[in-house]
Each structure stands twice: as structure tokens, then as C-alpha cells.
Amino acid sequence: MALPKGKKVYFASDNHLGAPTRKDSLPREKKFVAWLDSIKDDAAAIFLMGDLFDFWFEYKTVVPKGFTRTLGKLAELSDMGIPITYFVGNHDLWMNGYFEEELNIPVYHKPQQYLINDTSFFIGHGDGLGPHDKGFKRMKKVFTNPLAKWFFKWLHPDLGVRLGQHLSVNNKIISGEADAKFLGEDKEWLILYAKRKLEQQHYDHFIFGHRHLPMEIKLNEKSTYTNLGDWISYFTYAVFDGEKLSLEKLEN
């Protein structure tokens, strides 16, 4: 991807809309929608890096109620021709065609690599990567099991969505409550994962979400790991202007 002059690429993650309730998350949703509107004139592309919703499950003809402002704004930007890419997180990994069909937004379930203005990026949500996160890795195998998904979809949406929302908020493995503390560079599993990837191939930037902690860590002289933080406590996002990647905070 070659950026036109004056255009930028934006990255954001971990809004968890709907947590702890839709009413409580509405002010955060309005901030996010206003931010999307503010970047539409200079955005060459937008990468949403997962957990936009605190719980999301797509039945054949039903999706969770709410989030109309966000979905409407994404549809508007997509219709304007701004490429938007979505990476599922551990709270919305049951996406199954709605974003692609209704919003023209491609959805990825695994990290991807990109070349933007001759700068290489390796990006994804970040869940289940690296040598740790073992509890979630085991749980993810259950969540992504075709038989488990088949059984869940036969729950009435009123029951299934309520159950999913309850688990998302109250289960510490799913909620990521333990992820909000910096472990140190030698124990941060996404840093360890990025360093292992660098043994195989060079990337200028690794960008992940999931940890809910905004951080920029130099991996070596030429590579950097960036975590996007979240839109719960920090309201942070990353911007690439064609030459430099910066981690920025939404101004109130």
C-alpha cells in the first residue's frame, strides 16, 4: 500500500462496547464514533484490532442488539471508500460474515502482515500468541470448536446473548482482567512472541491489542512493538503517517 500525500493509517483496539452494560458503555461509544468521524478526511485505511464488542455472536439471521452508532459510522466510512480491516479478538471471535456482507469490511481471525510505504507491519489482536496465555488458549479451543458453536446457536438469542455477556464480564480468563498489569519485557508474552518472529523474518512494526496497556517497546534497532491500549481507560490509538508510527491519546 502506498499512502497518498497527506493521508494516514489508523489503528484502534479493545472498545468492549456493551461492558459492563450497553447503557454504561454508550458514552465511550459516542467518543469512538466522534473519533471515527474526525479521521475520515485523512484516513487512507483503518485497522480495528479486535474486541470492538464485549460479546458478539452471529446467528444466521440475528446479531446482538445495540451499537447502532458504531455500525452506522463504519458503514458510512466504508461507503466513502475508506478501507477498513477487522481482526477478531477473544470477545468477538464468533464473527461469521456480517461485517463482510453488511459493511464490506474484511475480517481476519489470525495476524496478517502488510507493507505500507515500504514499512513492514505484523498486526493482529494478540490473544493466544506467545508462550503464555495458556488458560485462554484452552478455552479458545472450546469456543472455536464447530460442535460447540453448533450447540450454542440453538440457544434462543435472548438466552445465548445474555449468557455470553455474563461470561464476558465475569470470567477473568475471558474478560482479560489479569491483562491490565505490565509484566516486564522479559515476561510480556507478546514481546516474547514478536522477538521470536524476528528470528524468522524482519518486521518494522508489531501492532497488537488485547493487553489493554498502551506501550511502545523497542525490540531491536529497527523493530518496535506497539500495544494499542484500549477505549475503556486510555482512549489510545496508533497513527502511521507514511514515515513514522506514533501512539496517541484522544483529547477530551
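Numbers below:
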item: Label of the coordinate-derived value, Rg/Rh (Cα atoms, Kirkwood Rh), listed as (1) 0.98; (2) 1.00; (3) 0.95; result: (3)
item: Most mobile listed residue (Gly242, Gly50, Gly209) in the chain, GNM with C-alpha springs under 10 Å; result: Gly242
item: Antiparallel %, DSSP beta bridges [both residues in the chain], to 5; result: 50
item: Over 20 Å between alpha carbons, listed pairs Lys5/Lys244; Lys60/Lys153; Lys31/Lys60; result: Lys31/Lys60
item: Among Trp231, Trp35, Trp189: highest mean-square fluctuation, GNM of the chain, C-alpha pairs under 10 Å; result: Trp35
item: Furthest towards positive pole of dipole, Asn145, Tyr10, Leu198, structure part the stretch 8-249, Cβ charges; result: Asn145
item: Ordering of 156-163, 116-123 by packing [mean C-beta count within 10 Å, highest first]; result: 116-123, 156-163
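None of the figures in this text is laboratory data; all of them are computed from the coordinates on show. None of these values were measured; they are calculated from a predicted model. Methodologically, a virtual Cβ is constructed for each residue, glycine included, from the backbone with ideal geometry; neighbour enumeration extends over all protein chains shown.
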